[in-house]
Amino acid sequence: MLEKKTIAYERAVLVGVITKEQDETKSKEYLDELEFLTYTAGGEVVKRFTQKMEIPNPKTFIGTGKMEEVEQFVKTNDIGSVIFDDELSPSQQKNIERLLKCKIIDRTGLILDIFAQRAQTSYARTQVELAQYQYLLPRLTGLWTHLERQRGGIGMRGPGETEIETDRRIVRDKISLLRKKMVTIDKQMAVQRGNRGALIRVALVGYTNVGKSTLMNVISKSDVFAENKLFATLDTTVRKVVIGNLPFLLSDTVGFIRKLPTQLVDSFKSTLDEVREADLLLHVVDISHPNFEDHIASVNKILGEIKSADKPTVMVFNKIDAYSHETIDSDDLVTEKTKAHYTLDDWKRTWMNAMGENALFISAINKENIDEFKRKVYTVVREIHVTRFPYNNFLYPDYEELDS
Ligand SMILES: Nc1nc2c(ncn2[C@@H]2O[C@H](COP(=O)(O)OP(=O)(O)OP(=O)(O)O)[C@@H](O)[C@H]2O)c(=O)[nH]1
Ligand SMILES: [Mg+2]
């Protein structure tokens with residue numbers, strides 16, 4: 001379970017909707033993720049509210065009756081913020097604030113807040129700050145931005161724990177300043193990437209918390225921060241890795257998430273360039289997560305947005321040690337077999353049918369099938385290498401011929 005440290009958690013409630021596209025089960029799974037995000041941001045979820053609706057109310061997102069319920073609860077339970085699972089328009093946010101008289105945060109605001117807390121280098125900080133101010137600008141007339149300035153908390157943090165500025169003119173100036181800074185940084189990063197020479201570039205990509213950094217640590221002997229919270233990694237780490245005698249560059253980068261705010265995709269351009277310029281993607285998946293197929297779809301969608309969907313890709317299904325499935329009793333003739341009943345072997349068959357040898361099943365933590373993983377990476381990197389540098393062909397034997 002989640003380990004809770006002894007810091008003051010801000011009390012929060014979650015609000016989600018159940019629609020035609022998003023049934024009750026999906027809605028619950030999304031709220032589970034939102035709760036994990038809230039916890040990562042420093043909040044404690046006290047209650048969840050859901051409402052069935054065709055389309056969200058244009059003024060207040062949820063209906064009047066439901067809103068009264070939330071209001072009652074907020075009043076009597078010392079709630080610091082109400083967090084919505086979807087992106088609210090600036091006017092919806094303002095209207096709801098007026099009704100509930102507390103901080104209203106949407107999914108985008110929450111993710112931005114986590115990024116702000118986690119940004120370590122000045123480079124990541126600049127990217128997050130730019131995204132935050134772009135998000136904030138149309139929302140500056142809201143109540144809590146002024147009320148909460150003194151109090152801080154979720155949604156009010158800038159990178160490096162400084163509070164974000166909420167004066168419109170200052171925000172505009174900041175945005176243009178940060179844009180200029182980004183241009184300089186982008187150039188520096190491009191030069192840095194160019195300096196790395198002729199090595200093949202491999203990028204770990206995947207949903208947040210799937211084990212990318214753990215895998216990086218396993219095969220590169222490096223020490224990248226890995227943690228059971230979302231977005232443990234914001235800065236890209238690049239390591240030179242040698243398998244057999246074949247050197248290549250491996251990068252570990254920011255994890256993706258459903259509805260990754262567009263502001264972040266834009267301002268993380270430089271970070272994502274690492275993916276864009278990679279020769280090979282290792283798409284890491286947490287197969288023990290009930291929603292892993294959705295995760296794959298979200299990641300593929302973002303890869304499409306950054307024009308990297310057609311790259312050579314190996315699917316790496318991680319956390320097989322934690323995989324479990326539902327079972328059907330042998331005398332139960334009614335229950336139909338669904339994906340929830342798939343055994344690991346069923347999944348292997350499914351994915352190997354689709355991807356051939358480009359689907360691997362491993363446990364980074366238990367170092368299970370890591371040799372198979374290394375062999376696959378070696379083989380693919382070698383193929384790319386000898387296509388690019390044919391005169392080097394003799395340097396690298398087949399993996400089986402290595403005596404490591
Ligand atoms: N059970 C199990 N847990 C794992 C495995 N690999 C990683 N984890 C755990 O999953 C959590 C997330 O691991 P990270 O390596 O930080 O994941 P990440 O993909 O880098 O996450 P972000 O940087 O947040 O996007 C940590 O608690 C790891 O210990 C595995 O093979 N099995
Ligand atoms: Mg990581």
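Subtracting the Cα-Cα distance of THR19 and GLU44 from 0.36 nm times their residue separation leaves 6.4 nm of extension gain.
For ASP371 and ILE55, the FRET efficiency from 1/(1 + (r/R0)^6), where r spans their Cβ atoms and R0 equals 60 Å, is about 0.70.
Going by a ≥ b ≥ c, the root eigenvalues of the Cα gyration tensor, does region 255-387 fall in the rounded group (a/c under 1.5), the prolate group (a/b larger than b/c) or the oblate group? Note, shape of region 255-387 comes out oblate. Electrostatic bookkeeping for VAL254 treats Lys and Arg as +1 and Asp and Glu as -1; over the other residues with beta carbon under 11 Å from its beta carbon, the sum is -1. What angle, in degrees between 0 and 90 and rounded to the nearest 10, separates the Cα long axis of helix 24-41 from the longest principal axis of the Cα atoms of the chain? Computed tilt is about 90 degrees.
Using the heavy atoms of the protein chains alone and a 1.4 angstrom probe, what is the accessible area of region 290-404 per residue in square angstrom? Intermediate results must be reported in sequence, preceding the final value.
Numbers: 7090 Å² over 115 residues.
Here the residues of region 290-404 average 62 Å² of exposed surface.
Suppose only helical runs count, i.e. DSSP H with n ≥ 4. What mean residue ellipticity at 222 nm does that imply for the chain under -39500 (n - 2.57) per run, divided by all residues and rounded to the nearest 500 deg cm²/dmol?
Working: 13 runs with 168 residues, N = 404.
Taking each H run of at least 4 residues, the total per residue is -13000 deg cm²/dmol.
Taking the longest Cα principal axis of the chain as reference, the axis of helix 370-388 is set at about 70 degrees. Could you state, as a whole-number percent, how many of the C-alpha pairs of the chain are farther apart than 38 Å? For the chain, the share of Cα pairs beyond 38 Å comes to 27 percent. Across ALA278, ALA322, ALA309, mean-square fluctuation computed from a Gaussian network of the chain (C-alpha pairs under 10 Å connected) peaks at ALA322.
Where does each of 358-366, 287-295, 20-28 land if you order them by average Cβ count within 10 Å, highest first? Spell out each step's value before the answer.
Values: 358-366: 20.4, 287-295: 17.7, 20-28: 12.1.
Highest mean packing first, the order is 358-366, 287-295, 20-28.
Counting only protein heavy atoms and a probe of 1.4 Å, the accessible surface of the chain is 51% carbon and sulfur.
A simple spin-label model places pseudo-atoms 7 Å from Cα toward Cβ; at THR338 and ILE384 they are separated by 3.8 nm. Loop-located trypsin sites (Lys or Arg not before Pro) across region 282-360 with a Cβ neighbour count of 12 or fewer within 10 Å are LYS307, LYS337, with loop assigned by DSSP. Each label point is 7 Å from the Cα along the Cα-to-Cβ direction; what then is the distance between the points at THR184 and ALA198, in nm? Placing both labels 7 Å along Cα→Cβ, they lie 3.5 nm apart.
The GNM of the chain, with springs linking C-alpha atoms under 10 angstrom apart, assigns the highest mean-square fluctuation among ASP86, ASP273, ASP332 to ASP332. Helix 168-194 and the longest principal axis of the Cα set of the chain meet at an angle near 0°.
Could you size up the charge dipole of the chain around its Cα centre, putting +1 on the beta carbon of Lys and Arg and -1 on that of Asp and Glu, and report it in debye to the nearest 20?
Details: 57 positive and 60 negative charges, 407 e Å.
About 1960 debye.
For the pair region 69-114 and region 335-397, the centres of their Cα atoms are 44 angstrom apart. Once a ≥ b ≥ c are taken as the square roots of the eigenvalues of the Cα gyration tensor of region 260-318, is the result rounded (a/c under 1.5), prolate (a/b larger than b/c) or oblate (a/b not larger than b/c)? Taking the square roots of the gyration eigenvalues as a ≥ b ≥ c, region 260-318 is oblate.
If R0 equals 35 Å, the separation of the Cβ atoms of ASP345 and GLU29 corresponds to a calculated FRET efficiency of about 0.90.
The values are calculated or read from the model by the stated rules, or taken from the named source; none is laboratory data. It should be emphasised that the depicted structure is a prediction, and the values quoted were computed from it without experimental measurement. Note: ideal-geometry Cβ built from the backbone for every residue, glycine included; neighbour counts use all protein chains shown. Calculation scope for accessible area: heavy atoms of the full protein, side chains included, ligands and nucleic acids excluded. Shrake-Rupley method; radii C 1.70, N 1.55, O 1.52, S 1.80 Å.
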